[in-house]
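To start, the structure itself, in structure tokens.
What follows is calculated from the coordinates using simple rules that are stated; it is not laboratory data. This structure is a prediction, so every number in the text was calculated from the model and none was measured. Every residue, glycine among them, receives a Cβ derived from its backbone with ideal geometry; neighbour counts consider all protein chains shown.
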Amino acid sequence: MTEHSRLLVENKLDKKVELTLEPVGTDHWMNPGETFTLVFDASSGDAPHIQLTSAGLSVWLDNDSGQLLDANGDQVECGYQRPTKLEALHNKWLRRKP
């Protein structure tokens, strides 16, 4: 049986902040005052490793079982509220040919 834990993450800054879930690398952008709930598999006993850098917040999970929920309890998908300039770069990267 999987044991889930919850961790609240709130952006108290006056700017948009990137929250990245690792090791998968999904990016989620939080507006000022916004709170996400991180739900993760706690059965391994390992707590998430959280790193705050000038680029944003990275949350390293023991596995890729984590998900983010918004204030309504809806899942926050990769690229949520990604800034327009970064979205354009992301889309260009997806269209590139190998």
Checklist entry - What is the one condition in (1) surrounded by 17 or more Cβ atoms within 10 Å (Cβ to Cβ); (2) under 14 Å from L7 (Cα atoms); (3) not small (G, A, S) that L69 does not satisfy? => result (1)
Item to check | Residue satisfying condition, being within 15 Å of the chain's Cα centre (by Cα), part of a loop (DSSP other than H, G, I, E, B) and surrounded by 11 or more Cβ atoms within 10 Å (Cβ to Cβ), within set D62, D27, D46 | outcome: D62
Checklist entry - Do you know which residues across the stretch 19-40 are touching an Asp or Glu at 6+ places or on another chain (Cβ under 7 Å) and more than 18 Å from C78 (Cα to Cα)? => result P32
Checklist entry - In the stretch 7-24, what count of residues is obtained for those that are among the charged types (D, E, K, R) and in a loop (DSSP other than H, G, I, E, B)? => result 4
Checklist entry - Within the bounds of the stretch 51-58, is there any residue that is under 27 Å from T84 (Cβ atoms) and in a loop (DSSP other than H, G, I, E, B)? => result yes
